[in-house]
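First the structure, in the form of structure tokens, and then the observations on it.
Where a number appears in this text, it was derived from the coordinates with a stated rule and is not lab data. Source: prediction; values computed, not measured. Don't worry about glycine lacking a Cβ; one is built from the backbone with ideal geometry, like all the others, and counts go over all protein chains shown.
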Amino acid sequence: MSDAAFTPRVFSGIQPSGDLHLGNYLGALKRFAEAQDKGVQSLYCMVDLHAITVWQEPEKLRHATRELTAGFIASGLDPEKSILFNQSQVPEHTQLAWIFNCVARMGWMKRMTQFKDKAGKNAENASLGLFGYPALMAADILIYHATHVPVGEDQKQHIELTRDIAAKFNHDYGVEFFPMAEPVIEGAATRVMSLRDGSKKMSKSDPSDMSRINMTDDADTISKKIRKAKTDPEPLPMGLDGLEGRPEARNLVNIYAGLAGMSAEEVMREMGGKPFSEFKPILADLAVARMAPISEEMGRLMQDVGEIDAILARGSERARDIAAPILARTYEIVGMVGR
Ligand code: TYM
């Protein structure tokens, strides 16, 4: 393998750690599906090893891994075109992560905001896995020499760390072996906020179910959540500038833009001046039209978990075919003696 041949390749991952929500759909899945036919090899991973950095009930983890796979397929990912697999079945991820544990510095890890958020006040009690998480994430990406990583805005810092790890490895060993993977953060909805509080990210860990639209919600629930979303009393302004200081209104505009495949400017041209009593029902209808069929398709796919498991098994084999030679070369560079 030549050390500096970086063919464009896409990698991204989602944790099977509970309900998928509209943020995951607009920030990740929808964009993965749209990029599918651009002719670039793409790998999408159910990152089950990341999920266990905080406690997961084994039965729930199994269910969430299958449901996430169903979510990918229902969102339009074709397992023939893209490689869909679960992380634990490709041991090269953790093997490379160990090397990266020895490259990354404690200080770099301590700066990661996701660790600080998830560990909360009691960092001493967080798992070592949660602390080392970004090194495993770097390995997820670099074990495939991936060049592009489509993610929501919250993952940007982790991709920057991935670049730091790649650069330090290349520098320390005097090689050009790992690429500088680019985060791809595009579109109006790369940071979908809570429907109850426009200053908080929409997240599966929010205790209020009304704060998010789950990808398994039915049409009535989706509609109810949009209609009850927090807003201010003013109508929508005539232009984007008028959304300054109105995070809830801004969020609903971004959600509309993401669902409709428009820019926020285009949404304002159509919707500017409307009161929420008019805008919300239009948004609710759009959300139902886009999300309810996905939810139904996920339910249908979940009736045959054997088929889902077979898709993951096949995807893992294809992923290993790419990962194994990259790990072997990494070991050689590092000085491991082997065959
Ligand atoms: P995770 O599982 O939290 O989220 C999966 C994807 O959904 C995006 N996302 C959002 N986008 C917009 N608005 C939101 N409210 C929102 N919430 C989540 C995330 O940005 C992400 O793209 N560390 C990653 C998983 C991971 C990974 C990787 C990603 C592990 N290895 C390698 C890329 C490459 C995570 O926890 O994502």
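How far, in nm, would the chain grow between D321 and E57 when pulled straight, counting 0.36 nm per residue and subtracting the alpha carbon separation? Present the calculation step by step, with values, prior to reporting the outcome.
Numbers: separation 264, 0.36 × 264 = 95.04 nm, distance 3.08 nm.
That works out to 92.0 nm of additional length.
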So the pair-distance distribution of segment 209-299, from every Cα-Cα distance in 5 Å bins, comes to percents of 3, 15, 26, 24, 17, 10, 4, 1, 0
Leading residue at positive end of dipole, the chain (Cβ point charges), from G39, L195, S75:
L195
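With a/c under 1.5 counting as rounded, go ahead and sort segment 1-156 into rounded, prolate or oblate using the C-alpha gyration tensor (a ≥ b ≥ c being the square roots of the eigenvalues; past the cut-off, prolate if a/b is larger than b/c, else oblate). Don't skip to the end; give the middle numbers.
On the way: a/c = 1.74, a/b = 1.20, b/c = 1.45.
The shape class here is oblate.
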Positive-end residue, segment 209-299 charge dipole about Cα centroid, Cβ charges, pick of A292, A257, I226
I226
May I ask for the net charge around G299, where only other residues with Cβ less than 13 Å from the Cβ of G299 are counted and Lys, Arg are +1 while Asp, Glu are -1?
-4
Cross-link table K60/K228; K116/K224; K60/K121; K121/K225; K118/K156, entries beyond 23 Å C-alpha to C-alpha:
K60/K228; K116/K224; K60/K121; K121/K225
Residues V103, V253 in order from fewest to most other beta-carbon atoms within 10 Å are V103, V253
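At a threshold of 8 angstrom on Cα-Cα distance, excluding pairs fewer than six apart, so keeping six or more, what relative contact order does segment 62-201 reach in percent? List each step's numbers first, then the result.
Values: 121 pairs, mean separation 28.9, N = 140.
So the answer I get is 21 percent.
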With labels modelled as points extended 7 Å from the Cα through the Cβ direction, what inter-label distance (nm, one decimal) is found for E124 paired with K110?
1.6
Starting from the Cα of V305, step 7 Å toward the Cβ, then list every residue of segment 72-116 with an amide N under 19 Å from that point.
72-74, 85-89
All other residues with a Cβ under 10 Å from the Cβ of V288 taken together, and with Lys, Arg as +1 and Asp, Glu as -1, what is their net charge?
-3
Descending semi-axes in Å of segment 145-208, equivalent ellipsoid built from Cα gyration tensor
33, 12, 7
Which value, in Å to one decimal place, does the Kirkwood hydrodynamic radius take for segment 199-252 when every pair of different Cα atoms is included?
12.6
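For the chain, what does -39500 (n - 2.57) per DSSP helix run (n ≥ 4), summed and divided by total residues, give at 222 nm, in deg cm²/dmol to the nearest 500?
Dividing the helical sum by the residues of the chain leaves -16000 deg cm²/dmol.
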Work out the FRET efficiency for D209 and W98 from their Cβ-Cβ distance, taking R0 = 45 Å, and round it to the nearest 0.05.
0.70
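Within 11 Å, Cβ to Cβ, of A138, how many net charges do the neighbouring residues add up to if Lys/Arg are +1 and Asp/Glu are -1? Provide the component values of the computation, followed by the final result.
Details: positive: R163, K168; negative: D140, E160, D164.
Residues close to A138 contribute a combined charge of -1.
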Return the ratio Rg/(2.2 N^0.38 Å) for segment 118-268, where Rg is computed over Cα atoms only.
1.31
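Full extension from D78 to R227: what is 0.36 nm times the residue separation minus their Cα-Cα distance, to one decimal in nm?
Numbers: separation 149, 0.36 × 149 = 53.64 nm, distance 3.32 nm.
Value of the extension gain: 50.3 nm.
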Once amide hydrogens are built 1.01 Å from N within the peptide plane, the residues lying 5 or more places from H21 or on another chain with amide H under 5 Å from its amide H are M215
How high is the relative contact order of the chain, given as a whole-number percent (alpha carbon pairs under 8 Å, six or more residues apart)?
24
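What fraction of the DSSP beta bridges in the chain is antiparallel, stated in percent and rounded to the nearest 5?
Numbers: 2 of 16 bridges.
Counting DSSP beta bridges with both partners in the chain, the antiparallel share is about 10 percent.
Computed over the Cα atoms, what is the radius of gyration of the chain divided by 2.2 N^0.38 Å, N being its residue count?
Numbers: Rg = 20.8 Å, N = 339, 2.2 N^0.38 = 20.1 Å.
It is 1.03.
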Cut-off is 10 Å between beta-carbons; in what order do F169, F131 appear when sorted fewest neighbours first?
F131, F169
Using a Gaussian network model of the chain with C-alpha springs under 10 Å, which one of T94, T65, T190 is most mobile by mean-square fluctuation?
T94
When L283, L312, L128 are arranged by how many other beta-carbons sit within 10 Å of their Cβ, fewest first, they go L128, L312, L283
